[in-house]
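S.K.: Handing you this structure, nothing more for now.
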Amino acid sequence: MAASAKLRMLRSTPRKTRLVADLIRGKGVAEAESILKFTDRRAAAPLLKLLQSAKANAVNNHDMFEDALVVSAVQVGDGPTLKRYLPRARGRADLLRKRTSHIEITLEERRG
């Protein structure tokens, strides 16, 4: 049995978000929460909130034990890219790509 939570349209690039997601993959929930609390990255705060949401889903909806939960999967995908223009010299414009991320965290109970 697995419990999950999703976060869509996070205004952080998927590449930078994956760096933080790799820190917690395979860890226990308590350890993952402490790692995210002390990680000095912009994506750490939304990932912490998403992890707490997945933990609440597991405990309340699936009757899992909080102490036995493990982060089994963290998937970070590309969301839609917002396209903006930056004015340049001589009437030209450069394209700015503001990337977004979709994240899904899956928790499972540790066996044994």
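S.K.: In nm, to one decimal, how far is the modelled label at A68 from the one at A93, with both set 7 Å along Cα→Cβ?
M.R.: Roughly 5.8 nm, to one decimal.
S.K.: If neighbour count is taken as other Cβ atoms inside 10 Å, put R84, R25 in order from fewest to most. Walk me through the numbers on the way to the answer.
M.R.: Working: R84 10, R25 15.
Ordered by Cβ neighbours within 10 Å, fewest first: R84, R25.
S.K.: Between helix 44-61 and the chain, what is the angle of the helix's C-alpha long axis to the longest principal axis, kept within 0 to 90° and rounded to the nearest 10?
M.R.: 40
S.K.: Taking R0 as 25 Å, what's the FRET efficiency between D40 and R111 from their Cβ-Cβ distance, rounded to 0.05?
M.R.: The computed FRET efficiency comes out at 0.15.
S.K.: With n ≥ 4 as the cut-off for DSSP H runs, can you work out [θ] at 222 nm for the chain, using -39500 (n - 2.57) per run divided by the number of residues, rounded to the nearest 500? Don't skip to the answer; put the middle values down first.
M.R.: On the way: 3 runs with 38 residues, N = 112.
It comes out at -10500 deg cm²/dmol, rounded to the nearest 500.
S.K.: How long are the semi-axes of the equivalent ellipsoid of the stretch 2-109, taking √(5λ) for every eigenvalue λ of the Cα gyration tensor, in whole Å from largest down? Numbers along the way, then the final one.
M.R.: Details: eigenvalues 235, 35, 17 Å².
Working through the eigenvalues yields semi-axes of 34, 13, 9 Å.
S.K.: Still on this structure, please answer the following. Using only alpha carbon pairs under 8 Å that are at least six residues apart, calculate the relative contact order of the chain and give it in whole percent.
M.R.: Details: 217 pairs, mean separation 45.8, N = 112.
About 41 percent, as a whole number.
S.K.: Of K27/K98; K27/K49; K6/K55, which sit over 20 Å apart, Cα to Cα?
M.R.: K27/K98
S.K.: Given H placed on each backbone N at 1.01 Å, which residues far from G79 in sequence or on other chains put an amide H within less than 5 Å of it?
M.R.: Distant-sequence amide H within range of G79: T100, S101, H102.
S.K.: Further, regarding this structure: Could you tell me how far the Cα centroid of the stretch 25-65 sits from the Cα centroid of the stretch 89-105, in Å?
M.R.: Spelled out, the Cα-based centre of one part sits 29 Å from the other.
Any read-out appearing in this document is the output of simple, stated calculations on the displayed coordinates, not a laboratory observation. Remember, predicted model here, so these are calculated numbers, not experimental data. Virtual Cβ from ideal backbone geometry, glycine too; neighbours counted across all protein chains shown.
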